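Have a look at the structure below, then the notes.
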Amino acid sequence: MSISAIKPGWWQQPLHKDEKIWIWVAFTWCILITLIMPWWHIYGDQNPSQEYYKITTEAFDQLTDKFIEKYKVGEDEGLPVVEPPPNSDIFLRGEQWQWTPVLKLKAGSTYRLHLSSIDTLHGLSIYPIVMNFEAVPGYDYVLTMTPGKPGVYNIICNEFCGLGHHAMSGKIIVE
Ligand code: CUA
C-alpha cells in the first residue's frame, strides 16, 4: 500500500479487533514486568546490599592499609595477599589502576566486604560469576558475602576510569 492510498482521517477510525488485542497484550506485559521488579527486590536472592556509609577517601585508604598490615600472608604480582579470619570485616580498595589487596577467603564463611575507591569511580566486576558493584569515592559500601565455591575469581573494572582502566584487575581466592 502506497502512502497516497491511506485515506485522510484514518486515525479517527475505530480500532480493528486485532489492534485491540495487541494493545491489551502489550499493556498486560508492561504491568507484569513492572510488578516483577519490586517482587524480585523482596524475594530474589542476589540483590545488592543497601548498607553504605559516608567515609573520606583518606580514612578508607588508612583502614585498608591497616587491614593489609594485620592479615598479610604474602604477595602476588606485587599486590599484597591478605587472609582475614572468617566472619570478619574485610576491605577492598579501588584506585587508579588496581584492586588492593588480593583477598584469600574460606568457602562457606561469611565476611563483611567494605568496598570503596580512593580516587574516582570504579566498577567491581567479579568473574566468572559476573557480579557487579560500584566503588564510589566517599562511600563505604558494605557487602555481606559468603563465598560458595572454591576457586580463583578474577576481578576487573567495568567503569571507565582513565588511561589504565583496561589493565585494572585484582583477585579473590576462595579455598
Ligand atoms: Cu577502574 Cu576502570
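Every read-out reported here was derived from the displayed coordinates using simple, explicitly stated rules and does not represent laboratory data. Predicted model only: the values in this text are computed from it and were never measured. Note that each Cβ is placed from the backbone with ideal geometry, even for glycine, and that neighbours are counted across all protein chains shown.
Peptide packing: for 73-82, 101-110, the average count of neighbouring Cβ atoms within 10 Å per residue gives the ranking 101-110, 73-82, highest mean first. Of the DSSP beta bridges with both residues in segment 22-175, give the percent that are antiparallel, rounding to the nearest 5. So the antiparallel bridges in segment 22-175 amount to around 75 percent. Mind checking the angle between helix 57-71 and the chain's longest principal axis? C-alpha axes, 0 to 90 degrees, to the nearest 10. Long axis of 57-71 versus the principal axis of the chain: about 50 degrees. For the chain, the average shadow cast by the Cα convex hull is 16.9 nm², which is a quarter of the hull's surface. For the pair residue 28 and residue 107, label points projected 7 Å from Cα toward Cβ lie 4.5 nm apart. The slack in the chain from residue 21 to residue 160, taken as 0.36 nm per residue of separation less the alpha-carbon distance, amounts to 45.6 nm.
Distant-in-sequence amide contacts of residue 139, defined by a placed amide H-H separation under 5 Å and a gap of 5 or more residues or a different chain, comprise 55, 117. Taking each residue as 0.36 nm, the span from residue 39 to residue 10 lengthens on full extension beyond its C-alpha to C-alpha distance by 6.3 nm. The distance separating the Cα centre of segment 91-140 from that of segment 40-74 comes to 7 Å. Remark on residue 134: its backbone amide H falls under 5 Å from those of 124, a criterion applied only to residues 5 or more positions apart or on other chains, H modelled at 1.01 Å from N. Take the Cα of residue 87, step 7 Å along the line toward its Cβ, and report every residue of segment 45-80 whose backbone nitrogen sits under 11 Å from that point. Taking a point 7 Å out along Cα→Cβ of residue 87, no residue of segment 45-80 has its backbone N under 11 Å.
Summed over qualifying helices (DSSP H, 4 residues or more, each -39500 (n - 2.57)) and divided by its residue number, the chain shows a 222 nm mean residue ellipticity of -8500 deg cm²/dmol.
Under 30 Å from the Cα of residue 66, which lysines turn up, not counting those fewer than eight places away in the same chain? Of all the lysines, those that pass the test against residue 66 - Cα under 30 Å, at least 8 places apart if same chain - are 54, 104, 106, 149, 171. Computed from Cα positions, the angle between helix 17-43 and the longest principal axis of the chain comes to roughly 20 degrees.
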